[in-house]
Amino acid sequence: MSRLRKALATLRADLWTTARDPLPRMGGPRGLSRLPHVLVVLYALAMGMYPAGEGIDSTVPLLAMAMAGALVLAMWRPLPAWWATIVLMVAGARSGMTYVSQQLSFPWTVHPEAYERLPFTYDNPLAFPWTGSGVALQSGVLFLLALRVRPRVAVEALAMTALTVVVIVVLMPEANGGGLGMTALLADAVAVAVGSGVRQLRTTRTRLEAQEGLTAEERARRTLLEERSRIARELHDVVAHHMSVISIQAQVAPHLVDDPPQELRENLAGIRENAVEALTELRRVLGVLRAQDQPADAPQPTLDRLEELVANVRGAGVTLSAEIAGEARPLSPGVELSAYRIVQEALSNAMRHAPGAAVAVRLAYRPGALAIRVVNDPPGRPAPSSPGAGHGLLGMRERAAMLGGDLVAGPTPEGGYEVSVFLPVDS
């Protein structure tokens, strides 16, 4: 008994609800988003215009209009609409008898004289819900129901419909219409199966799109971390150089004065000890970050090697012009390294994505900043496909942001591409 009560409680929770569940709009152009709703209304009008005539009970047109209204209601509240079809099915079996020998059950009428010339006749009475339009309307309601609810709820609704049909056939066998009640039930089962299948496809597609979004977000996050790790590896030599200088200066300073105080010796010894420990920890961190195929003692490039980079690019067949504005001066190692890498990556992108295009590089030394501009003309031929996601722009943005600078990249009005970077430096 407890299992039965639990099953009945589940059935009541699933089917006895008036929750609003609107039919979703169709994707695509905005003007077509309501197309499914328009088609349902037109379908309901076509099936609900049941003709009145000789041999047809007067309640049949009213039942047809009510069933069509239930189909329209199913676009917003599918479960109440389905309950309405159950009530209308019982009412039709009870009072909606008609004879198709006098009037076709489909929405269109046939003139009696023309009907007499047909090579077939029907003498079996039909209850309204199991005529052509009745079956079409009830199947439509179950289809819209299966589109919105879980498959279990749709199967429960179909089982309740089948139970109602069996009860009608047992209690009112004359309303079965030669077994058409079971035929209508088969149509309902097909509608539920198709609706559940469409819902499953839509749900799977939605989950796949969500998973693709999460995958793209995770890929972007991983790419960002890889770029930051690579930048950290390159900046190791710069930081290590400064720490080494601090250690050496702290060791040499006591020998630059005569008879230095003991307190000064202790302070300088503490500075040197801290510098050596920091350098040791820095090398330990680098051992985790550095790739196995990257030599630990590889010197990091600066703007002094810009001419060498320009010559290599020209040697690859690229028409490249380089210009330096302002008075060139040594900058901090971090700025020198980042500026060189930005120019290097911008030239690589131009060669990869704009083959055959002329490229111009301009460095402008300003009192408090270094401005970099790399621009290429429209490509001379189609660029070959590049496998994988590029990290060039991401890496350049990270380098500029690390130094408190800005980077702007985008197409030019002439059809080329431009990368402009502003890096603040000490005056």
Give the Rg (one decimal place) followed by the Dmax (whole number) of the stretch 133-223, computed from C-alpha coordinates and expressed in Å. 19.8, 73
In this structure, the FRET efficiency calculated for T203 and E414 from their beta-carbon separation, with R0 = 35 Å, to the nearest 0.05, is 0.15
When the Kirkwood radius is taken over all Cα pairs of the stretch 315-405, what Stokes-Einstein diffusion coefficient follows at 4 °C and 1.567 mPa s, in µm²/s? 90
Total formal charge among the other residues, if their Cβ is under 14 angstrom from that of R205, Lys/Arg +1 and Asp/Glu -1: +1
Would you grab the residues whose amide H sits under 5 Å from the one on V425? Only those 5+ places off in sequence or on another chain, please, with H modelled 1.01 Å from N. A369, L370
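FYI, it's all coordinate maths here, none of it is from the lab. Just so we're clear, the structure is a prediction, and the values are computed from it rather than from any experiment. A quick note on method: Cβ atoms are made from the backbone with ideal geometry, for glycine too, and the neighbour counts reach across all protein chains shown.
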